[in-house]
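> Before I ask anything, let me first share the structure, which is written out below as structure tokens.
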Amino acid sequence: MRECLSIHIGQAGIQIGDACWELYCLEHGIQPDGVVLNSDQLESANLEHMDTSFNTFFCETRAGKHVPRALFMDLEPAVIDGIRAGRHRSLFHPEQLVSGKEDAANNYARGRYSVGSEIIDLVLERIRKLAEQCSGLQGFLIFRSFGGGTGSGLTSLLMEQLSIEYSRKTKLEFSVYPAPRISTAVVEPYNSVLTTHSTLEHADCTFMVDNEAIYDICHHKLGVERPSYASINRLIGQAVSCITASLRFEGPLNVDLIEFQTNLVPYPRIHFPMTTFAPIISADNAYREELSVSDITAACFDFSNQLVKCDPRLGKYMACCLLYRGDVVPKDVNAAIAAMKSRNSVQFVDWCPTGFKVGINNQPPTVMPGGDLAKVQRAVCMLSNTTAVVEAWARLDHKFDLMYAKRAFLHWYIREGMEEGEFSEAREDLAALEKDYEEMGQSF
Amino acid sequence: MNDTLTSDVIGRRVEVNGEHATVRFSGIVPPVAGLWLGVEWDNPERGKHDGSHEGTVYFKCRHPTGGSFIRPNKVNFGVDFLTAVKNRYVLEDGPEEDGKEQIVIIGNKPVETIGFDSIIKQQSENKLRFPSGSPSRTGTFPALKVLVLNRTGITWAEVLRCASGWPVLEELYLESNDLFISERPADVLQTVKLLDLSSNQLIDENQLFLIAYLPRLEQLILSDIGISTIHFPDAGTGHKTAMFPSLQYLVVNDNQISQWSFINELDKLPSLQALSCIRNPLTEGSKEAQTTRQLIIARIGQLKTLNKCEILPEERRGAELDYRKAFGNEWKKAGGHQDPDKNRPHEQFLEAHPRYQLLCLKYGAPEDGELKLHQPFLLKNQLLTLKIKYPNQVDQKVLEKQLPDSMTIQKVKGLLARLLKVPVSELLLSYESPKMPGREIELENDQQSLQFYSVESGDCLLVRW
């Protein structure tokens, strides 16, 4: 019951997925070939004997192997071949790794219309198979980036189809938002705006992370001189693990997928919470600081721990979801939240007085051996729906406008079958989204 | 917990309004009646005096304002481990829920250890007061692998005394204890793989030698201890030391390292594979971070990871080649030479650049051409100073002229024709170079430049007609 399907789209989605599943396997004591460690090995790895809660994410075959309930897809084979040949190649069934031949070339139109449409039927069929193995599918977790061609185009196509076939299932997204100052593609703004417009009514909640914020965290807090994508993805993996911990372990205060939606999304369109993770401590500085529950809760409201670059002091909080894991007792949590509420810098909108949703899970955070993070006794991931996120959209829209005013790079989209009308429609939708956010922040 | 003030209160750790202190004295302090506790604060500026009052010395403090007298009822002795655990978890289902429990009797206090085989005792977090000076610790922790004693005020002697009760200890964290390493750990701490001595400002390099022979020590964290130099006396330049035989990862962030000699010494460590060295005067400052990184890579040969970034083979190759080129001129001045027989750079150079000879063996000695300093692109640097001789005429003087190397032979002939009043078509030019005595090279193609014929400054043009 309560199974969740993870779908990883495009290079970003797949590489984040790689880090996430590696972490899940470590947390549940599953070896790279899918076999669970026996009880002696579990003890030496410091894990309790697992109840079967991880069946939400893993499917047990008759041979005793545990196969992740995941689908990896990309329009070109290179990245997926990395998984097929990598450390976890025997963890996944070959049908879970779907790759095409010709990639989307950073082009939303190719991912959505020309190249994507050829692969979508195969993908839906595989999803159907995975869904049939579930007794009570809760919903989908979709990992992708906004800026790439596959991540933007193929995802919007997929979301539309999933809404048709699985209308009552939750769809949560983990999206890599284009960083403000570092960009990996010139046409990122086009792809991001187009995909946000198409996915807006199909996604229930979109958790955003951006590379620049995480580069800074790795550089300043973890002492990594030149962070690679591996370090970044590991950090994102920790945040995702925190968010999904309630679904995979029994805990005193569990938070389901639907509970996220109910508590974080005040209006259907306002579903872009910001992710923050604490504590982020370098392995060299282990055990240095006092890391009580109030310390890590306070750290969540610190700009430097955010996984997205946007200043929450410029906006108001509409809802906050604090997901604790590790050695945490409700008494401390209540005290910490009370302390937060009394701070001037944390401002809530007038129409949302309580504001906090809490989840507690007793499984402490696991770290990857050889990684940069220190092992800590407790951690928290905060998902906050704040009006300050409009800054991120405004930045994106501005860049879009600059390019669109000159119709630059547009012909690449037109020749794949798109129309200019779609661009202006998408831009208007985002402008309306910005206005919606501003209205939220206004007082009565 | 009700405490009666017996003499064993001396040495107890206490807390007053958030500030921590150690009890040093208990008794009467005339002329005021009643019992007083003399405490030495952790924060040396918190107190009023150094333990003496109106001339009488009651206890000693490390700082002149480190001590105070306090009434016993104002002081919080904290709770013992068991009570702290109960207080924390009593609302939850208590520790009985967890799988295994091992009750270990220490002295006469039962201490519940919760968890599995690896136990982490966070003494600083539970506000435990470490009972300093406990005489006999008869109990042992046969499975204790990780021990955190940060900010507990423990001394090195106490650590060694208790260490006999930690036979399989692998990780020991002793941050911020004002530690002074006074003796070598003889039979204890031999299984320790990770030692964290950060923020102990009293530690210097000589004390480090006392822990240099721990056989399994793989990770050593020495951030923020104020170290600036290190020298392994048992190894000469270019040799490996016998100290720290298994050390693979060294962290020296936030120190006072400003000399490259420190980095050179690290090359002597036999097993060093990873280093973190940020926020030191050497690495901050105007020089590019990139250059500093390259220099560190070149100076420590076996390093595989620097500042948590893997060093790829191409990066190492590039760094070593650049290093060899950058110091090539210095090497030559110090007596270095491409010919191995003549290659005898003096001691000072070898001390400052211990790996230089090795790099020359690996990549070959730097060529002179590589070492030529690039002159800035000014016109005067492009001019060749040439002598002009007339072998067929005896009485003509030898001229010296400065000509740009891009000048064509035709133009040179034109210049000479005007000078000598000889028609251009009759002139024949060649040149000879002091580098190749006896050889004359003809400059026959009028369209080519002096540079084409490799004419260099100091050469001699020969004009015949």
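> Looking only at the stretch A:264-275, decide whether some residue is in contact with a helix residue (DSSP H, G or I) (Cβ under 9 Å, 6 or more places away or on another chain), open to solvent by 10 Å² or more (accessible area, probe 1.4 Å) and within 14 Å of chain B (Cβ to nearest Cβ).
No, the stretch A:264-275 has no match at all.
> Tally time: how many residues in the stretch B:184-200 are under 20 Å from B:Val148 (Cβ atoms) and part of a loop (DSSP other than H, G, I, E, B)?
Filtering the stretch B:184-200 for residues under 20 Å from B:Val148 (Cβ atoms) gives B:185, B:188-200.
Retained after the next criterion (residues that are part of a loop (DSSP other than H, G, I, E, B)): B:185, B:188-193, B:197-200.
The total comes to 11.
> Can you tell me which residues in the stretch A:334-345 are under 21 Å from A:Val255 (Cβ atoms) and either touching a strand residue (DSSP E or B) at 6+ places or on another chain (Cβ under 6 Å) or outside any helix (DSSP H, G or I) (or both)? Don't jump to the end; show me each part of the working.
Residues of the stretch A:334-345 under 21 Å from A:Val255 (Cβ atoms): A:334-338, A:340-341.
Of everything in the stretch A:334-345, just one residue is under 21 Å from A:Val255 (Cβ atoms) and either touching a strand residue (DSSP E or B) at 6+ places or on another chain (Cβ under 6 Å) or outside any helix (DSSP H, G or I) (or both), namely A:Ile337.
> Could you tell me how many of the residues in the stretch A:296-315 are crowded, with 16+ Cβ neighbours inside 10 Å and assigned to a helix (DSSP H, G or I)?
Going through the stretch A:296-315, the residues crowded, with 16+ Cβ neighbours inside 10 Å turn out to be A:296-301, A:305-310, A:312, A:315.
After this cut, where a residue has to be assigned to a helix (DSSP H, G or I) as well, the list is A:296-300, A:305, A:312.
Of the residues in the stretch A:296-315, 7 are crowded, with 16+ Cβ neighbours inside 10 Å and assigned to a helix (DSSP H, G or I).
> Scan the stretch A:81-118 residue by residue and report those that are assigned to a helix (DSSP H, G or I) and under 27 Å from A:Glu22 (Cα atoms).
A:Asp81, A:Gly82, A:Ile83, A:Arg84, A:Pro94, A:Glu95, A:Gln96
> Pick from the stretch A:253-263 the residues that are of a type in the set (A, V, I, L, M) and open to solvent by less than 10 Å² (accessible area, probe 1.4 Å): which of them is nearest to the other protein chains (Cβ to nearest Cβ)?
The qualifying residue nearest to the other protein chains (Cβ to nearest Cβ) is A:Val255.
> Take the residues in the stretch A:276-321 that are touching a Leu at 6+ places or on another chain (Cβ under 8 Å) and aliphatic (A, V, I, L, M), then tell me which one is nearest to the other protein chains (Cβ to nearest Cβ). Full working, then the answer.
In the first step, residues of the stretch A:276-321 are kept if they are touching a Leu at 6+ places or on another chain (Cβ under 8 Å); the result is A:276-277, A:279-283, A:297, A:300, A:307, A:319-321.
Remaining after also requiring aliphatic (A, V, I, L, M): A:280-281, A:283, A:307, A:319.
On the way: A:Ile280: 14, A:Ile281: 13, A:Ala283: 9, A:Leu307: 19, A:Ala319: 27 Å.
My answer is A:Ala283.
> Right, another one. Just to confirm my filter: which helices (runs of 4 or more DSSP H) fall fully inside the stretch B:324-377 and include at least 2 residues that are over 25 Å from B:Gln259 (Cα atoms) and open to solvent by 90 Å² or more (accessible area, probe 1.4 Å)?
Answer list for the stretch B:324-377: B:356-363.
> Now a separate question. Looking only at the stretch A:77-94, filter to residues that are farther than 20 Å from A:Cys25 by Cα and without any contact (Cβ under 8 Å) to a residue 60 or more places away in the chain; which one of those is surrounded by the fewest Cβ atoms within 10 Å (Cβ to Cβ)?
A:Ala78
> Of everything in the stretch A:198-228, what is within 19 Å of A:Asp302 (Cβ to Cβ), under 19 Å from the mean Cα position of the chain (by Cα) and not β-branched (Val, Ile, Thr)? Give them in sequence order.
Correct list: A:Phe207, A:Met208, A:Asp210, A:Glu212, A:Ala213, A:Tyr215, A:Asp216, A:Cys218.
> Consider B:Glu15 against the criteria (1) open to solvent by less than 80 Å² (accessible area, probe 1.4 Å); (2) at pLDDT 75 or above: it satisfies all of them except one. Which criterion is unmet?
The number of the failed condition is (2).
> Here's a follow-up. Would you check which residues across the stretch B:271-298 are assigned to a loop (DSSP other than H, G, I, E, B) and under 23 Å from B:Glu314 (Cα atoms) and list them?
Narrowing the stretch B:271-298 to residues assigned to a loop (DSSP other than H, G, I, E, B): B:271-273, B:277-288.
If the condition is that a residue be assigned to a loop (DSSP other than H, G, I, E, B) and under 23 Å from B:Glu314 (Cα atoms), then B:Ser271, B:Leu272, B:Gln273, B:Cys277, B:Ile278, B:Thr283, B:Lys287, B:Glu288 are the ones that fit.
> Report, by residue number, each residue of the stretch A:368-386 that is within 14 Å of another protein chain (Cβ to nearest Cβ) and either part of a strand (DSSP E or B) or among the polar types (S, T, N, Q) (or both).
Applying the first criterion (within 14 Å of another protein chain (Cβ to nearest Cβ)) to the stretch A:368-386 yields A:368-378.
Result: A:Leu373, A:Gln377, A:Arg378.
> Just to verify a result, which residue in the stretch B:316-360, among those that are closer than 30 Å to A:Ile232 by Cα and under 20 Å from the mean Cα position of the chain (by Cα), is farthest from the other protein chains (Cβ to nearest Cβ)?
It comes out as B:Glu320.
> Moving on. Please go through (1) open to solvent by 20 Å² or more (accessible area, probe 1.4 Å); (2) outside any helix (DSSP H, G or I); (3) in contact (Cβ under 8 Å) with a residue 40 or more places away in the chain for A:Pro365 and return the number of the only condition it doesn't satisfy.
(1)
> Right, next: Could you list, ordered by first residue, the pairs with Cβ atoms under 6 Å in which the first is in the stretch A:283-295 and under 18 Å from A:Ala338 (Cα atoms) and the second is open to solvent by less than 40 Å² (accessible area, probe 1.4 Å) and in a loop (DSSP other than H, G, I, E, B), at least 6 apart or interchain?
Every condition considered, the pairs that remain are A:Leu291/A:Pro279; A:Val293/A:Val328.
> Quick check on B:Arg279: is it open to solvent by 70 Å² or more (accessible area, probe 1.4 Å), within 13 Å of another protein chain (Cβ to nearest Cβ) and under 30 Å from B:Met243 (Cα atoms)? Show your work before the answer.
Values: open to solvent by 70 Å² or more (accessible area, probe 1.4 Å): yes; within 13 Å of another protein chain (Cβ to nearest Cβ): yes; under 30 Å from B:Met243 (Cα atoms): yes.
Yes; evaluated as a whole, the condition is true for this residue.
> What number of residues within the stretch A:208-228 satisfy the criterion of being within 10 Å of chain B (Cβ to nearest Cβ) and aliphatic (A, V, I, L, M)?
2
> Residues of the stretch B:286-320 being in contact with a helix residue (DSSP H, G or I) (Cβ under 6 Å, 6 or more places away or on another chain) and open to solvent by 40 Å² or more (accessible area, probe 1.4 Å), which ones?
The answer is B:Gln294, and nothing else.
> Suppose the filter is part of a helix (DSSP H, G or I), open to solvent by 70 Å² or more (accessible area, probe 1.4 Å) and free of Cβ contacts under 8 Å to residues at least 24 places away in the same chain; does B:Ser425 pass it? It would help to see each step written out before you state the result.
Details: part of a helix (DSSP H, G or I): yes; open to solvent by 70 Å² or more (accessible area, probe 1.4 Å): yes; free of Cβ contacts under 8 Å to residues at least 24 places away in the same chain: yes.
Here the answer is yes, as B:Ser425 does meet what is asked.
> Inspect all residues belonging to the stretch B:421-435 and state whether any of them is within 60 Å of the chain's Cα centre (by Cα) and of a type in the set (A, V, I, L, M, F, W, C).
Among the residues of the stretch B:421-435, not one is within 60 Å of the chain's Cα centre (by Cα) and of a type in the set (A, V, I, L, M, F, W, C), which makes the answer no.
> What's the number of the condition A:Asp121 fails, among (1) open to solvent by 60 Å² or more (accessible area, probe 1.4 Å); (2) part of a helix (DSSP H, G or I); (3) more than 15 Å from A:Glu160 (Cα to Cα)?
A:Asp121 satisfies every listed condition except (3).
Okay, residues lined up against (1) of a type in the set (Lys, Arg); (2) in contact with an Asp or Glu (Cβ under 6 Å, 6 or more places away or on another chain); (3) in contact (Cβ under 8 Å) with a residue 40 or more places away in the chain; (4) at negative phi:
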| position | (1), (2), (3), (4) |
| --- | --- |
| B:Lys304 | yes, no, no, yes |
| B:Ala326 | no, no, no, yes |
| B:Ala334 | no, no, no, yes |
| B:Pro340 | no, no, no, yes |
| B:Arg344 | yes, no, no, yes |
| B:Ala352 | no, no, yes, yes |
| B:Arg355 | yes, no, yes, yes |
| B:Cys360 | no, no, no, yes |
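> Moving to a separate point now. Among (1) closer than 30 Å to B:Cys309 by Cα; (2) at pLDDT 90 or above, which single condition is A:Cys320 missing?
(1)
> Across the stretch B:397-412, what is the number of residues that are free of Cβ contacts under 8 Å to residues at least 24 places away in the same chain, outside any strand (DSSP E or B) and surrounded by 12 or more Cβ atoms within 10 Å (Cβ to Cβ)?
The number of residues fulfilling the criteria is 1.
The values are calculated or read from the model by the stated rules, or taken from the named source; none is laboratory data. Fair warning: this is a prediction, and the values are worked out from it, not measured in the lab. Please note: Cβ atoms are built from the backbone with ideal geometry, for glycine as well, and neighbour counts cover all protein chains shown. When the accessible area is computed, the model is the full protein with side chains, heavy atoms only, and any ligands, DNA or RNA have been set aside. Shrake-Rupley method; radii C 1.70, N 1.55, O 1.52, S 1.80 Å.
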